1. If you take the residues in region 37-56 that are surrounded by 14 or more Cβ atoms within 10 Å (Cβ to Cβ) and part of a loop (DSSP other than H, G, I, E, B), which one is modelled with the lowest pLDDT?
2. Give me the pairs: first residue in region 103-125 and at positive phi, second residue crowded, with 17+ Cβ neighbours inside 10 Å, beta-carbon distance under 8 Å, and six or more apart or on different chains, which are they?
3. Assess whether LEU66 counts as being at pLDDT below 90 and within 12 Å of the chain's Cα centre (by Cα).
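The values are calculated or read from the model by the stated rules, or taken from the named source; none is laboratory data. In this text, all values refer to a predicted model and were calculated from it rather than measured experimentally. Note that we place each Cβ from the backbone using ideal geometry, even for glycine, and neighbour counts take in every protein chain shown.
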Amino acid sequence: MVVCHCDGILCLVKDNASMDVMLCSPVLQDFKLLPQSKNAETHNVYSGIGFGYDSKADDYKFVKVLNCHKAVAEIYTLGTDSWREVSMPEDIQGLPFRAGLYWKGVCYWEIEDKEKNDMILSFDIRDEFASARRAWNLSEGNEASFETKRRADRGSSSSRRTCLDYANS
């Protein structure tokens, strides 16, 4: 299944258990099956994945967030054909991930904190730095009228939406 894309390159994942990842360019009719990372044997499930372009290194990177015993990101760099590991914020450990997207050098995932508040986890592809922030809730504050109009336009009965819901629609 296609899980993310960047610059016409599709990132496909066979399933969450196997962690087989392929990068595919339909236009160039080219593909690359990524090698298994060193944690592939011990961590058989990932929480979030992302794929994007590092403008500083002029290279593409694949990010896999492992969220089992401690939160860690594994980064595969296409140009060096290698994996490395970076730390993630400790406060995301054990949190469920939801929708994810890539935009202008940053991968974003919607997550929930332990109190079930919506959060946005961002991972800068170039600097390989992650941070988690509370999500802006459009149903609170001055944006309530926009939220009501948007719900009416889409025929949705949900009264609680975040900015990522709009980005993904």
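1. Checking each candidate, the answer is HIS43.
2. Between residues of region 103-125 that are at positive phi and residues that are crowded, with 17+ Cβ neighbours inside 10 Å, the close pairs are GLY105/GLY52; GLY105/TYR53; GLY105/ASP54; GLY105/ILE125.
3. Answer is yes for this residue.
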